[in-house]
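Any read-out appearing in this document is the output of simple, stated calculations on the displayed coordinates, not a laboratory observation. Just so you know, these numbers come straight off a predicted model, no measurement behind them. Cβ placement follows ideal geometry from the backbone for every residue including glycine, while neighbour counts extend to all protein chains displayed.
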């Protein structure tokens, strides 16, 4: 009796919640008919996975078969990939997730990232999934770490365990508000590894929301390698 009752009760509660707080698209905020969706059909059709014409090392789109990102930074991670192209509706999704509390976006973004993990053997063989951390003050202000939300959903999709592997040791200016030249140095020494006994000698997937210059992933990777991590594979939701 109880087994039949609980699904019916959950369905009733979901219908009641949808009546007072109807689900909306995480990008355009159009009302959704399906409460289990993150995007409306129009936005879903526009979201593009980034899988061709990219650098084998950092995953950036190539310019005339050349990677300008790798020219700027000697990346410390083994390789990195980005699931989506940073264009609408992904721009609105990531910004709504980061600044407006649209946490449901993390589910959709993680699903796209899971396809990367499934298609690249190095990712599938990793021991843990970790996330780029926020400074504690910023996390309290926001209420959550968007990269951690994505990483935990990615863990559910892939079956690879989530583990906190890093902390941010000092406050830094937001990368989005800095010119490229300052972004490259803003995060120097900003991260420190935690759970060292668990991550030493392991291979990790390091998750962030958006890859712009690659500075965040690079500095995070340095901290992990310094703590004895064998291999770091960056994975971001989008490449700006």
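In what sequence do 99, 157 fall when counting other Cβ within 10 Å, fewest first? Don't skip to the end; give the middle numbers.
Values: 99 10, 157 16.
Sorted ascending by nearby Cβ count, the order is 99, 157.
Do you know the relative contact order of the range 16-117, to the nearest whole percent, from alpha carbon pairs under 8 angstrom that are 6+ apart?
Working: 117 pairs, mean separation 27.0, N = 102.
It rounds to 26 percent for the range 16-117.
In the range 107-240, what % of DSSP beta bridges are antiparallel (nearest 5)?
Working: 3 of 17 bridges.
If we restrict to bridges inside the range 107-240, about 20 percent are antiparallel.
What angle, in degrees between 0 and 90 and rounded to the nearest 10, separates the Cα long axis of helix 105-119 from the longest principal axis of the Cα atoms of the chain?
Once rounded, one gets 60 degrees.
Sort 64, 198 so the one with the fewest other Cβ atoms within 10 Å of its own Cβ comes first.
Numbers: 64 5, 198 14.
Least to most surrounded, the residues fall as 64, 198.
Which value at 222 nm does the chain reach when only helices count, each DSSP H run of 4 or more adding -39,500 (n - 2.57), with the total divided by all residues and rounded to the nearest 500 deg cm²/dmol? Working shown, then result.
Working: 11 runs with 102 residues, N = 240.
Using -39500 (n - 2.57) per qualifying helix, the result is -12000 deg cm²/dmol.
Taking Cα pairs under 8 Å and at least six residues apart, what relative contact order does the chain come out at, in percent?
On the way: 422 pairs, mean separation 50.3, N = 240.
Normalised by residue count, the contact order of the chain is 21 percent.
From the Cα trace of the range 69-200, what convex hull volume per residue do you get, rounded to a whole Å³?
Values: hull volume 17.5 nm³, N = 132.
Cα-based convex hull of the range 69-200, divided per residue, equals 132 Å³.
Determine the principal axes of the Cα atoms in the chain, then give the extent along each, sorted from largest to smallest and rounded to whole angstroms.
57, 42, 37
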